[in-house]
1. Could you please report the charge total around THR152, scoring K, R as +1 and D, E as -1 over all other residues with beta-carbon less than 13 angstrom from its beta-carbon?
2. Let me have the relative contact order for the chain, percent, based on Cα pairs under 8 Å that are six or more residues apart.
3. Can you list which of the DSSP-assigned H helices in the chain have a Cα extent of 15 Å or more along the long axis and an average Kyte-Doolittle score of at least 1.6?
4. Counting only C-alpha contacts under 8 Å and six or more residues apart, can you give the relative contact order of the stretch 29-87 as a whole percent?
5. Just tell me which aspartates and glutamates come within less than 15 Å, Cα to Cα, of LYS122; anything on the same chain fewer than 8 places away is out.
6. At what distance in angstrom do the alpha carbon centres of the stretch 195-226 and the stretch 93-151 lie from each other?
7. Considering the options GLN22, GLY191, LEU32, tell which one lies farthest towards the positive end of the dipole of the chain, charges being +1 on Lys and Arg and -1 on Asp and Glu at the Cβ, about the Cα centre.
8. Please get the size of the charge dipole for the chain, origin at its Cα centre, with Cβ charges of +1 on Lys and Arg and -1 on Asp and Glu, quoted in debye to the nearest 20.
Amino acid sequence: MNIYVKKDYNELSRAAAEEIKQVVGKKPDCLLGLATGNTPIGIYRELVSMYRRKEIDFSRVRAMNLDEYFGISLNHPGTCNTYLEDHFYRYINIRRDNIFRLNSEAKSGEDEGSRYEEIIGKIGGIDLLILGIGLNGHLGFNEPGTSFESPTHTVNLTDITKQCNYQLFGTVDKMPEYGITMGLKTIMKAGKCILMASGEKKSKIIFKALKEPVTTEIPASILQLHHNVSTYLDCESSKLI
Ligand code: GLP
(Lines give C-alpha, C1' and ligand atoms only; values in the text may rest on other atoms or scores of the structure.)
Protein backbone atom coordinates (compact mmCIF):
# COMPACT_ATOMS: atom_id res chain seq x y z
CA MET A 1 0.00 0.00 0.00
CA ASN A 2 1.28 3.45 -0.88
CA ILE A 3 0.54 6.01 1.82
CA TYR A 4 0.77 9.69 0.92
CA VAL A 5 0.59 12.25 3.68
CA LYS A 6 -0.37 15.72 2.51
CA LYS A 7 -0.28 19.02 4.34
CA ASP A 8 -4.01 19.58 4.38
CA TYR A 9 -7.35 18.60 2.87
CA ASN A 10 -6.89 20.65 -0.31
CA GLU A 11 -3.53 19.09 -1.08
CA LEU A 12 -4.83 15.63 -0.34
CA SER A 13 -7.76 16.20 -2.72
CA ARG A 14 -5.51 17.58 -5.45
CA ALA A 15 -3.05 14.69 -5.21
CA ALA A 16 -5.77 12.03 -5.24
CA ALA A 17 -7.51 13.72 -8.20
CA GLU A 18 -4.18 13.78 -10.03
CA GLU A 19 -3.88 10.00 -9.63
CA ILE A 20 -7.45 9.57 -10.94
CA LYS A 21 -6.57 11.76 -13.93
CA GLN A 22 -3.65 9.43 -14.74
CA VAL A 23 -5.94 6.38 -14.65
CA VAL A 24 -8.52 8.01 -16.92
CA GLY A 25 -5.73 9.20 -19.25
CA LYS A 26 -4.39 5.66 -19.60
CA LYS A 27 -7.81 4.02 -19.96
CA PRO A 28 -10.39 6.51 -21.29
CA ASP A 29 -13.26 4.00 -20.97
CA CYS A 30 -12.38 2.94 -17.43
CA LEU A 31 -15.00 2.04 -14.83
CA LEU A 32 -14.84 4.20 -11.72
CA GLY A 33 -16.49 3.31 -8.42
CA LEU A 34 -17.35 6.40 -6.41
CA ALA A 35 -17.72 7.00 -2.69
CA THR A 36 -19.80 9.74 -1.13
CA GLY A 37 -19.52 11.50 2.25
CA ASN A 38 -17.60 14.64 3.14
CA THR A 39 -14.12 13.37 2.38
CA PRO A 40 -14.33 13.00 -1.42
CA ILE A 41 -16.03 16.37 -2.02
CA GLY A 42 -12.62 17.97 -2.67
CA ILE A 43 -11.66 15.26 -5.16
CA TYR A 44 -14.83 15.81 -7.18
CA ARG A 45 -14.22 19.57 -7.07
CA GLU A 46 -10.67 19.06 -8.38
CA LEU A 47 -11.82 16.68 -11.11
CA VAL A 48 -14.45 19.18 -12.25
CA SER A 49 -11.76 21.92 -12.39
CA MET A 50 -9.49 19.62 -14.39
CA TYR A 51 -12.36 18.94 -16.79
CA ARG A 52 -12.98 22.69 -17.21
CA ARG A 53 -9.28 23.18 -17.95
CA LYS A 54 -9.63 20.38 -20.55
CA GLU A 55 -7.12 18.20 -18.70
CA ILE A 56 -9.45 15.23 -18.38
CA ASP A 57 -12.17 13.80 -20.60
CA PHE A 58 -15.06 11.77 -19.21
CA SER A 59 -16.79 11.14 -22.54
CA ARG A 60 -16.04 7.40 -22.45
CA VAL A 61 -15.71 6.92 -18.69
CA ARG A 62 -18.18 4.64 -16.92
CA ALA A 63 -19.05 5.41 -13.30
CA MET A 64 -21.05 3.80 -10.55
CA ASN A 65 -21.66 4.47 -6.92
CA LEU A 66 -20.06 2.47 -4.17
CA ASP A 67 -23.14 2.41 -1.99
CA GLU A 68 -26.61 3.83 -1.52
CA TYR A 69 -29.40 4.11 0.99
CA PHE A 70 -32.10 1.50 0.55
CA GLY A 71 -35.84 1.82 0.83
CA ILE A 72 -36.08 5.54 -0.03
CA SER A 73 -36.74 7.46 -3.24
CA LEU A 74 -33.72 7.66 -5.55
CA ASN A 75 -34.26 11.40 -5.92
CA HIS A 76 -34.29 12.07 -2.17
CA PRO A 77 -31.75 14.83 -1.42
CA GLY A 78 -29.91 12.46 0.92
CA THR A 79 -29.16 9.65 -1.54
CA CYS A 80 -25.68 8.95 -2.84
CA ASN A 81 -27.20 9.26 -6.32
CA THR A 82 -28.23 12.87 -5.61
CA TYR A 83 -24.82 13.58 -4.06
CA LEU A 84 -22.93 12.33 -7.12
CA GLU A 85 -25.19 14.33 -9.43
CA ASP A 86 -24.73 17.47 -7.34
CA HIS A 87 -20.99 17.20 -6.79
CA PHE A 88 -19.82 15.54 -9.95
CA TYR A 89 -21.91 14.16 -12.81
CA ARG A 90 -23.79 17.31 -13.73
CA TYR A 91 -20.55 19.26 -14.26
CA ILE A 92 -18.67 16.83 -16.50
CA ASN A 93 -19.15 15.30 -19.95
CA ILE A 94 -19.99 11.80 -18.77
CA ARG A 95 -22.68 10.11 -20.89
CA ARG A 96 -25.88 9.49 -18.96
CA ASP A 97 -25.95 5.88 -20.13
CA ASN A 98 -22.47 5.38 -18.71
CA ILE A 99 -23.71 6.14 -15.19
CA PHE A 100 -24.80 3.09 -13.19
CA ARG A 101 -26.72 3.49 -9.99
CA LEU A 102 -27.72 1.29 -7.12
CA ASN A 103 -31.49 1.49 -7.07
CA SER A 104 -32.60 2.59 -3.61
CA GLU A 105 -36.18 1.80 -4.63
CA ALA A 106 -35.56 -1.80 -5.72
CA LYS A 107 -38.04 -4.36 -4.36
CA SER A 108 -35.44 -7.00 -3.59
CA GLY A 109 -32.01 -6.12 -2.22
CA GLU A 110 -30.70 -9.49 -3.30
CA ASP A 111 -31.80 -9.04 -6.91
CA GLU A 112 -30.46 -5.50 -6.94
CA GLY A 113 -27.09 -6.70 -5.63
CA SER A 114 -26.90 -9.39 -8.32
CA ARG A 115 -27.87 -6.86 -11.00
CA TYR A 116 -25.04 -4.56 -9.89
CA GLU A 117 -22.48 -7.38 -9.81
CA GLU A 118 -23.55 -8.36 -13.33
CA ILE A 119 -23.01 -4.82 -14.60
CA ILE A 120 -19.52 -4.76 -13.09
CA GLY A 121 -18.73 -8.17 -14.60
CA LYS A 122 -20.05 -7.24 -18.06
CA ILE A 123 -17.97 -4.07 -18.19
CA GLY A 124 -14.90 -6.03 -17.17
CA GLY A 125 -14.44 -4.98 -13.55
CA ILE A 126 -13.89 -1.77 -11.66
CA ASP A 127 -10.64 -0.10 -12.65
CA LEU A 128 -10.51 2.43 -9.85
CA LEU A 129 -12.52 2.62 -6.66
CA ILE A 130 -12.56 5.76 -4.55
CA LEU A 131 -13.12 5.03 -0.87
CA GLY A 132 -13.62 6.95 2.35
CA ILE A 133 -13.56 5.35 5.77
CA GLY A 134 -16.23 5.48 8.46
CA LEU A 135 -15.37 6.20 12.09
CA ASN A 136 -15.99 2.52 12.85
CA GLY A 137 -13.80 1.43 9.94
CA HIS A 138 -16.60 0.83 7.48
CA LEU A 139 -15.97 0.85 3.74
CA GLY A 140 -19.02 1.84 1.74
CA PHE A 141 -21.74 0.57 4.05
CA ASN A 142 -19.82 -2.56 5.01
CA GLU A 143 -20.15 -2.35 8.75
CA PRO A 144 -17.93 -4.17 11.28
CA GLY A 145 -18.47 -7.92 11.13
CA THR A 146 -19.22 -8.00 7.38
CA SER A 147 -17.82 -11.08 5.66
CA PHE A 148 -14.77 -10.51 3.49
CA GLU A 149 -16.56 -12.69 0.93
CA SER A 150 -19.57 -10.37 0.62
CA PRO A 151 -20.81 -9.27 -2.82
CA THR A 152 -23.10 -6.22 -3.26
CA HIS A 153 -25.68 -6.59 -0.49
CA THR A 154 -28.11 -4.73 1.74
CA VAL A 155 -27.20 -3.81 5.32
CA ASN A 156 -28.80 -2.52 8.49
CA LEU A 157 -27.17 0.83 9.13
CA THR A 158 -25.51 1.10 12.56
CA ASP A 159 -26.25 3.93 14.99
CA ILE A 160 -22.77 5.42 14.53
CA THR A 161 -23.24 5.51 10.74
CA LYS A 162 -26.62 7.16 11.18
CA GLN A 163 -25.15 9.76 13.53
CA CYS A 164 -22.38 10.60 11.06
CA ASN A 165 -24.62 10.88 8.00
CA TYR A 166 -27.90 12.38 9.16
CA GLN A 167 -27.26 15.96 7.96
CA LEU A 168 -28.87 15.45 4.58
CA PHE A 169 -31.89 13.85 6.24
CA GLY A 170 -32.50 16.52 8.88
CA THR A 171 -32.39 14.43 12.03
CA VAL A 172 -31.00 11.01 13.01
CA ASP A 173 -34.49 9.52 13.34
CA LYS A 174 -35.23 10.42 9.71
CA MET A 175 -32.27 8.35 8.50
CA PRO A 176 -33.05 5.27 6.42
CA GLU A 177 -32.71 1.97 8.29
CA TYR A 178 -30.98 0.22 5.41
CA GLY A 179 -28.21 0.68 2.92
CA ILE A 180 -26.99 -1.26 -0.09
CA THR A 181 -23.29 -1.44 -0.80
CA MET A 182 -20.62 -3.07 -2.92
CA GLY A 183 -19.39 -5.88 -0.73
CA LEU A 184 -15.86 -6.34 0.55
CA LYS A 185 -15.27 -8.99 -2.11
CA THR A 186 -16.45 -6.53 -4.77
CA ILE A 187 -14.10 -3.88 -3.38
CA MET A 188 -11.15 -6.28 -3.31
CA LYS A 189 -11.66 -7.14 -6.98
CA ALA A 190 -11.15 -3.49 -8.06
CA GLY A 191 -7.96 -2.93 -10.04
CA LYS A 192 -6.95 -0.02 -7.85
CA CYS A 193 -8.34 1.60 -4.71
CA ILE A 194 -7.84 5.13 -3.51
CA LEU A 195 -8.56 5.47 0.20
CA MET A 196 -8.84 8.94 1.71
CA ALA A 197 -9.16 10.28 5.22
CA SER A 198 -8.98 13.78 6.60
CA GLY A 199 -9.02 15.29 10.07
CA GLU A 200 -7.97 14.19 13.53
CA LYS A 201 -11.20 12.34 14.17
CA LYS A 202 -10.12 9.74 11.61
CA SER A 203 -6.61 9.23 13.07
CA LYS A 204 -7.50 6.34 15.41
CA ILE A 205 -9.41 4.36 12.84
CA ILE A 206 -6.73 4.97 10.22
CA PHE A 207 -4.16 3.54 12.63
CA LYS A 208 -6.33 0.48 13.30
CA ALA A 209 -7.13 -0.07 9.63
CA LEU A 210 -3.62 0.32 8.29
CA LYS A 211 -1.33 -0.77 11.10
CA GLU A 212 -3.18 -3.36 13.17
CA PRO A 213 -3.99 -6.94 12.12
CA VAL A 214 -6.60 -7.45 9.42
CA THR A 215 -9.98 -8.23 10.97
CA THR A 216 -13.62 -8.20 9.95
CA GLU A 217 -14.20 -5.93 12.96
CA ILE A 218 -12.41 -3.17 11.01
CA PRO A 219 -13.65 -3.66 7.44
CA ALA A 220 -11.14 -1.18 5.98
CA SER A 221 -8.26 -3.32 7.29
CA ILE A 222 -8.95 -5.70 4.39
CA LEU A 223 -7.25 -3.14 2.14
CA GLN A 224 -3.91 -4.25 3.62
CA LEU A 225 -4.45 -7.38 1.50
CA HIS A 226 -5.23 -5.50 -1.73
CA HIS A 227 -2.45 -5.37 -4.31
CA ASN A 228 -2.94 -1.77 -5.45
CA VAL A 229 -4.04 0.82 -2.91
CA SER A 230 -3.06 4.48 -2.66
CA THR A 231 -3.99 6.05 0.65
CA TYR A 232 -4.16 9.82 0.87
CA LEU A 233 -4.11 11.37 4.33
CA ASP A 234 -3.65 14.82 5.73
CA CYS A 235 -1.32 15.49 8.67
CA GLU A 236 -4.12 15.17 11.20
CA SER A 237 -5.56 11.86 10.08
CA SER A 238 -2.06 10.37 9.76
CA LYS A 239 -0.75 11.45 13.15
CA LEU A 240 -0.86 7.99 14.80
CA ILE A 241 0.77 5.99 12.01
C1 GLP B 1 -20.74 7.03 4.57
C2 GLP B 1 -20.54 6.44 3.20
C3 GLP B 1 -19.14 5.91 3.04
C4 GLP B 1 -18.16 6.99 3.46
C5 GLP B 1 -18.33 7.28 4.92
C6 GLP B 1 -17.37 8.32 5.47
O7 GLP B 1 -21.12 6.09 5.50
N8 GLP B 1 -21.47 5.40 2.94
O9 GLP B 1 -18.92 5.51 1.70
O10 GLP B 1 -16.86 6.56 3.20
O11 GLP B 1 -19.65 7.75 5.10
O12 GLP B 1 -17.89 9.58 5.27
P13 GLP B 1 -17.12 10.93 5.52
O14 GLP B 1 -16.17 11.06 4.39
O15 GLP B 1 -18.19 11.99 5.51
O16 GLP B 1 -16.43 10.79 6.84
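The values are calculated or read from the model by the stated rules, or taken from the named source; none is laboratory data. Predicted model only: the values in this text are computed from it and were never measured. Backbone-built Cβ (ideal geometry, glycine too); neighbour counts: all protein chains shown. Just the protein is used for accessible areas: all its heavy atoms, side chains included, with ligands, DNA and RNA removed. Shrake-Rupley method; radii C 1.70, N 1.55, O 1.52, S 1.80 Å.
1. Neighbourhood net charge equals -4.
2. Worked out over the chain, it gives 25 percent.
3. Going by DSSP H runs, there are no hits.
4. Numbers: 50 pairs, mean separation 25.2, N = 59.
For the stretch 29-87, the relative contact order is 43 percent.
5. ASP29, ASP97
6. About 20 Å separates the Cα centre of the stretch 195-226 from the one of the stretch 93-151.
7. Selected residue: GLN22.
8. In total the dipole reaches around 820 debye.
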